[in-house]
Structures are given as C-alpha cells and as structure tokens.
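Undergrad: Dropping the structure in here first, questions after.
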Amino acid sequence: MKRSRFLLTAFLFLGATAGLNAETGNEILAKVENALTGPEDYEATAVMTLADTGGGRKETRELKIWIAGNNKRVIKFLSPAGIKGIGLLSVGENSMHLYLPAQNKIRMISGSVKNENFQGTDFSYNEMSSYEYRDDYSAVVQSEDADAWTLLLTKKPGSEREYEKLVMTVDKKDFVPRRIELFRNGAPAKILTISEVRTEGKYLVPTAIRMEDVAKKHYTEMTLQDLAFDQGLEGKDVFSKRFLKKRVQ
Amino acid sequence: MKKLLALFACLFILGGPVFSVDVGGTFTADGRVALEDGDFLFDQVYGKLTFEGQVSDHLLASTALSLRLFNNPIGGASHSNVLGVDELSLLYSVEPLEIGLDRAYFTYSDLFAPGLDLTVGKQRIPWGVSDTLNPTDLLNPLDFSDPFAFGKKSASLAALLTYTVPSDIFSIQLVYEPYSHPARLNALMLDAVRANMDSVLAVTGFNLLPDNSGGWTETADTPEFNIKNSLYAAKLSFSVPRLDISANFVSRLNDIPYVKSISFTVDDPMSPTSLEGKAYTFAYYREYECGLDAAWDLGFMVLRAEGALFFPEGDIETTTYLNAMPTATATAVSADPYVKYTVGFDSDLGAGFYLNVQYNHGFFNERGNDGPERLQDYLVVRLELSVLDDTLKFGLTGLGNVNNVYDAFGASDFFTYIVDNGGYMGGFDIEYKPSVSVSLKAGVMLFDGNNCSIARMKDNDLVFASFEYHF
C-alpha cells in the first residue's frame, strides 16, 4: 500500500512537472512576446548591413520603420539610391502593398511572399521586426541553466510558417531571446542573434539584430536608432497607402 | 526650354539653405543590335537628375531633368544618318542630345482638410492595377521613342486633387489637364503609316503615272492650345483587406493620331497623265472612357483585371481628295463603343521563381472593333528566377499575338487562321546586380508573325545590353 501510494505520488509529481514544463515553455514564450511587443507603436531608423559570413562583399542600407500592434507595419528605404523611396505597407495577416517611386505606383503584392526574403536581405517579410511565435508554435523548455532557458518551439498544424521548429535561447533577466535557430528539413536554416537590447523608457527593445542564412553563408545585421514610442501612429494614418507614398527625410 | 530648366535648377539650388534638397539620379547606357544586319536599332545614353525637397510639413517639391544622348549623327531634316554637309559642323546633329523636363510638381498635403492633397505641375499619374498594359492609364501620353519600352508614358501638366478617408477605405481623385497631349511616335510607326499611304496610292492607280510630287507632304494638325482640348478625369477607389477596386471616367483627346485626309493632285483629273502632289494629314479626336480595375490577393497569387469602355466622339473619318475635291470617305475609327481589357495574375512560386501572366485585348495604339487599327489579342507570360540574394536574375518572356481571337474562332480552320494572322515574341534576359544601385542586363528578343502587330517587328530580331546606375 505504501509502495503504491509512493508510486501514485511520483506519478502525480512527474505529471505535474511535465505539465509545468509544457506550460512554462508557453508561458516563457508569452513573456518573450510581451517583453518585445510592449509599445503600442514605435518608429525607428534602421541601418542594415548585408555581408557574406566569410567576410566578402558588404552592403549597407538605411530604412525607416513604423510598427503598431502585431500586424501593422510600414517600411521605407532611405538608401542606397537604387532602392531609395521603395516602401512596404503590411496591414493584417496578408494585406501587403509595395510603393515603387520610379513608377509612382502602389502595387498589391501577394501575402504569400511573407516567407520570402525581404528585398534581398536575410530577413523574410515576416521576420522584419516581428517577434510573434505563439500563434504558430507551441513551446517546451528543452534545457535551462542559471542565465537562460532553451525553448523548443514546434510548428502548430495549419501554420503557414516556413520553419518546422525553432530553438530559442531566452535570457532569464529580461525574457529577451538572444539566439533563435530556425530549422528547415531537420537542420538549422537561419540563426537570429540579438546582441544588443536597450531600455527605452518603460520598454525593452532589441537594437542590434543579426539574421544569418546558414546555407548561403550570408547575414544581415540590423541596428535600430532614433526610436520613438507610442505616438498614436494609427491615429496619424501612418498605416495607409497615402502615407506609403509620402517622402521621408 | 533650356532657360526654364536652368531656372528650375537654380530654384532648387538656391532653395538649399532654406530646406534640404535631395539630389539623385539615374544613368543608363542602352544598346540593341539587329541580328539580321548588325544595325544598331537603338544606342543611347540616358541620364536623369532628380531634385526633391520637403519645403514644409505639408509641401513637397519635386523636379527631374532628363538628358538623352543618341550615339549616332541624325540629320535635322532627314531624321536619318543622311546629313546636310553643313550639319556636320553642328553638335546637335553629330551628337544629338535631348534635354527634357521629366517632371516638375509640388504636392500640398492636408489642404483645407486632413486627407485632401493637391499636386500641381508636370507629373505622371499612373492609373490601373495591371502590369505593363493598363487600358485605364490614360492621363499621360504614350512615348514610343523607344519602340521596345512598351507602355512608357510622359508626364503631363496637370492638377490632381486627391481626398482619402483614413485607413484607405475610400479615396477620390479629380484630374484636370489644360492640354490633352499627343503621343510621341517613332520611326517604325511612321514608316508603317507611309507604307499604308503608298498602298492607298496603289489603289487609285496614280502610282503608275510619272510622279512629279517630290514625295509625300506630311502634316500633323496637333490640337489647338485651347480649353476645349483639355483632359478631365475622376476616379473612385475602394480598399478592403486583399482587395483594391476602382472606377474611373476620362474625357481626353486620343493621343495617337488618325489620318484625317489624303490628297492627290494630278495634272488633269479627267484624264491624268502625271501625279503632281500627294499629301496626308494627321489629326486627333476626343474620346470618353469609363473604366474599372481590381487587384485581389488570393494568398498564392494576386489577380489583376482592368477594363476600359471607350466612346469615340462620333465616327472618325478619313477623306480622300483629288485636286482639292472630296472623292471618298472611309471610317478610321467607328463611333461604336469598344472595350480594351487585361486580366492576369502574378505569383511568387518560391525558391526565387516569379510568374506573371497577362491576357490583353487591345495594345496601347489599337482602337475600335474594326479597321486596320482594331483591337488584337495578346498573351504575355514572364517567368523570372532570382538567385544569389537577388544579385542574378534570369528572365523568360513569351508574347503571343492574334489578330484577333474573335475572328479566329469564327474561321473555318482555327489553327490556319492563327498562323496566317498571328505572331510571337520570345525573349531571354540575364540581369546581374552587383549592388542594388547597379544593374547589367543582356538578352535576346526574337519576333515572327503575319498580319498582326508583332509581325511588324519580325525583321528586328535583336540582342541587347544595358547598364544602369543609380546615385
């Protein structure tokens, strides 16, 4: 009797622990999203460096981004000249428009490009300044040490995300993911690294982000500057085709 | 013109200390060689200088100057390589250079009320959601000066008033252009007109007489610079997620000329023994257009459709004169309404592949349901493959042309009709972009066909190369 009571207790404990681990993974993921999507909206200037991991050719681009909530985004290129003025408006799950200044024309583009690389960078349209995972992935804690959790994120059935699983290292201090490995066909296809996080007012913002395409041996490093938060961008009608055509300094 | 350009440049330069002016530009070198005989079909250097300044929170000023250098002497009178001897001493004949005002406008946003924007000046107002062939894009005249730049249009002097409600759900555009500009034609088109005139002459039998005319006298009655020749237009646009739709109305002068009159002069109309004169005159007519367009994102592709219903202002006629007496009248463009339309889709297929397919009823310069300029049918397929982070792009273009599908289905033998009245263009190109501001492109275009628009190009199989740099 004593033995069976012990077994029952052990089972309950293990079950509770397993349940706690699964919950903790998703809870941690929720805190990651909360930590990184705190502001109602923000705008920033971004400097992007595109280069070969082996140290080959290097190119710098400057762009301006406006983001509100989880799914409203405007991106405009400021330099170099070949792409200056090109803008992208993304509202909702799949509605995307591209502004082409040479033709003075706004063109609807397919939401299916969201998994394609954004204008030759290593970020996909989906990955540009976006840290949303909970809708598409369920997380469990894979391992843990004194400083960080390592989460295993598995793609949910029906999700359109490109990567079947992610391995995310989350800093215990601030719930910011420092490294995310994105797996395709069982192998890491891309590695996202957040090397700098800045506290701006009441918000935590990753300001130095690097995305490496493992197969192409190429990376894009993005540094955010001139951040401004909670300016009521939606009220200013920033997420509109009219704004997309406007020139920015 | 040069003074005007200099004035604009000075205004922007002097404006520099008051507000920042962005200066940029594009440089393009472009060469095309005919495979048949090695003729350069096109050899030019094109440059564009742009000046843009945000004068205040609400006011934007923009100007672009274009420079185009033709790399071969062109005679001022002959428009060919045959120059007058004196012309050899003139720079503009030996190294012809075009200077143009590509655009010059200002936009005042939130004029009187939030969402109300006014743009005034020389501007390009592109309407329509389709790629390349836009039947509703009628506010700027066609520019055929590069016969292979299909659909290129010039900016026009216009006032554009736009009101947009927040979140883009609805917007309205009103356009007024004081002058409805004619299109810029090219030598290929004019040669086709001349060949047509020679065939008219052959019908009269006057071509068998001794010709003392000294060649065709050619004139174009461009529209008077009068308010009655203005263009006015309106467009309503609606947007919901994944769907953009708009309806428009345009009243303008059709920018392609028609032959208004053909005149022959003989020594004796009753019993002619010699041809003393032959002439034709171009003119322009007003038309009204009602159009609809829509772009719909289906997730895996975007459907694009555009239709334009045209109403010519009455029957547009060509009158033939013999010794100044009208002898015959033919309909150049019937008053009957006709529809130009485009339906198609484009899709990112993944792995760097992009597909664009368009079916078009009516090319830029075609009009009417009947006659030599009637609407023909075109299927355009473009497949691109981008590799190496978009630094290298391979493109395949196929264009099929039938004159026209309606008659093909009515013919006793569909396929024979297609062969006798159809044509194609096949193209392959490679583009290398060592950086996003530099592009090197090369390719080949092959044409063949009979009795259709594309057949006119069949002696122009070519290879091309271009270099483009943005700064």
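Undergrad: Which of B:GLY314, B:PHE282, B:SER237 sits closest to the plus end of the dipole of the stretch B:113-347, meaning its Cα is farthest towards the positive end, when Lys and Arg get +1 and Asp and Glu get -1 on the C-beta?
TA: Result: B:SER237.
Undergrad: Okay, moving on. So, with +1 on the Cβ of K and R and -1 on the Cβ of D and E, and no other charges, what is the size of the charge dipole of the protein assembly as shown about its Cα centre, to the nearest 20 debye?
TA: Roughly 2600 debye for the protein assembly as shown.
Undergrad: Partner chain Cβ atoms within 10 Å, averaged over the residues of B:465-471 - can you pull that number for me?
TA: Counting Cβ atoms of other protein chains within 10 Å of each residue's Cβ and averaging gives 2.
Undergrad: Give the residue from B:ALA113, A:MET222, B:LEU160 lying farthest towards the positive end of the charge dipole for the protein assembly as shown; charges sit on Cβ (+1 for Lys and Arg, -1 for Asp and Glu) and the dipole is referred to the Cα centre.
TA: Of the candidates, A:MET222 comes out farthest on the positive side.
Undergrad: Starting from the Kirkwood Rh over alpha-carbon pairs, what translational D in µm² s⁻¹ does chain A have by Stokes-Einstein at 37 °C and 0.692 mPa s?
TA: Value of D from the Cα-based Kirkwood radius: 167 µm²/s.
Undergrad: Counting only residues 5 or more places away or on other chains, whose amide H sits under 5 Å from the amide H of A:GLU40 once H atoms are built in the peptide plane?
TA: Those qualifying (amide H under 5 Å, at least 5 residues apart or on another chain) are A:ASP230.
Undergrad: State the answer as a single residue: which of B:TYR179, A:ALA208, B:ASN248 lies farthest towards the positive end of the charge dipole of the protein assembly as shown, with beta carbon charges of +1 for Lys and Arg and -1 for Asp and Glu, about the Cα centre.
TA: Sorting the options by dipole projection puts first A:ALA208.
Undergrad: Rounded if a/c is under 1.5, else prolate if a/b is larger than b/c, else oblate: which is the stretch A:125-176, with a ≥ b ≥ c the root eigenvalues of its Cα gyration tensor?
TA: oblate
Undergrad: Assign unit charges at the C-beta atoms only (+1 for Lys and Arg, -1 for Asp and Glu), then state the dipole size of the stretch B:113-347 relative to its Cα centre in Debye, rounded to the nearest 20. Intermediate results must be reported in sequence, preceding the final value.
TA: Details: 15 positive and 28 negative charges, 97 e Å.
Taking the Cα centre of the stretch B:113-347 as origin, the dipole is about 460 debye.
Undergrad: Show me, for the stretch B:377-382, the HN-Hα J-couplings you get by feeding each phi into the Karplus relation (A = 6.51, B = -1.76, C = 1.60, θ = phi - 60°), rounded to Hz, glycine and proline as x.
TA: Rounded to whole hertz, the list is 10, 9, 10, 10, 10, 10.
Undergrad: With every protein chain present, what is the per residue accessible area of the protein assembly as shown (1.4 Å probe, Å²)? Don't jump to the answer; show the numbers that get you there.
TA: On the way: 34490 Å² over 720 residues.
In whole numbers, the protein assembly as shown has 48 Å² accessible per residue.
Undergrad: Continuing with this model, one more query. Relative to the first principal axis of the alpha-carbon coordinates of chain B, what is the inclination of helix B:2-15, with its axis defined by its Cα atoms, in degrees from 0 to 90 and to the nearest 10?
TA: Tilt relative to chain B: about 0 degrees.
Undergrad: Quick one: 3J(HN,Hα) in Hz for the stretch B:401-406, Karplus 6.51/-1.76/1.60 with θ = phi - 60°, rounded, Gly and Pro as x.
TA: 10, 10, 10, 10, 5, 4
Undergrad: Sticking with this structure for a sec: Of chain A, which part is the longest with no trypsin sites (Lys or Arg not before Pro) in a loop (DSSP not H, G, I, E, B) and with at most 16 other C-beta atoms within 10 angstrom?
TA: A:58-133
Undergrad: How large, in percent, is the carbon and sulfur part of the accessible surface of chain A at a probe radius of 1.4 Å?
TA: Heavy-atom surface of chain A belonging to carbon and sulfur, 1.4 Å probe: 52 percent.
Undergrad: Indicate the gyration tensor shape class of chain B (rounded, prolate or oblate), computed on the Cα atoms with a ≥ b ≥ c the square roots of the eigenvalues: a/c under 1.5 is rounded; otherwise a/b larger than b/c is prolate and the rest oblate.
TA: Numbers: a/c = 1.40, a/b = 1.32, b/c = 1.06.
Rounded, since a/c falls under 1.5.
Undergrad: Determine the shape class of the stretch B:91-153: with a ≥ b ≥ c the square roots of the Cα gyration tensor eigenvalues, call it rounded for a/c under 1.5, and otherwise prolate if a/b is greater than b/c, oblate otherwise.
TA: Oblate, since a/c reaches 1.5 and b/c is not below a/b.
Undergrad: Summing +1 for each Lys or Arg and -1 for each Asp or Glu, what net charge is found among the other residues whose Cβ lies under 11 Å from the Cβ of B:LYS122?
TA: On the way: positive: B:ARG103, B:ARG124; negative: B:ASP102, B:GLU177.
Combined, the nearby Lys, Arg, Asp and Glu give 0.
Undergrad: Right, next: Treat every Asp and Glu Cβ in the stretch B:253-383 as -1 and every Lys and Arg Cβ as +1, leave all other atoms uncharged, and give the resulting dipole magnitude about the Cα centre to the nearest 20 debye. Let's see the in-between values first.
TA: Details: 8 positive and 19 negative charges, 35 e Å.
Dipole of the stretch B:253-383, to the nearest 20 debye: 160 debye.
Undergrad: All other residues with a Cβ under 10 Å from the Cβ of B:MET425 taken together, and with Lys, Arg as +1 and Asp, Glu as -1, what is their net charge?
TA: So the surrounding residues net to -1.
Undergrad: Also, I was wondering about something else. Amide H of A:LYS105: which non-local residues (sequence gap of 5 or more, or other chain) have their own amide H closer than 5 Å, using H built in the peptide plane?
TA: Result for A:LYS105 returns A:LEU100.
The values are calculated or read from the model by the stated rules, or taken from the named source; none is laboratory data. Treat the numbers as computed from the prediction; the structure is a model and nothing was measured. So basically every Cβ, Gly included, is an ideal-geometry build from the backbone, and we count neighbours across all protein chains shown. Protein only, heavy atoms only, side chains kept; ligands, DNA and RNA dropped before computing areas. Shrake-Rupley method; radii C 1.70, N 1.55, O 1.52, S 1.80 Å.
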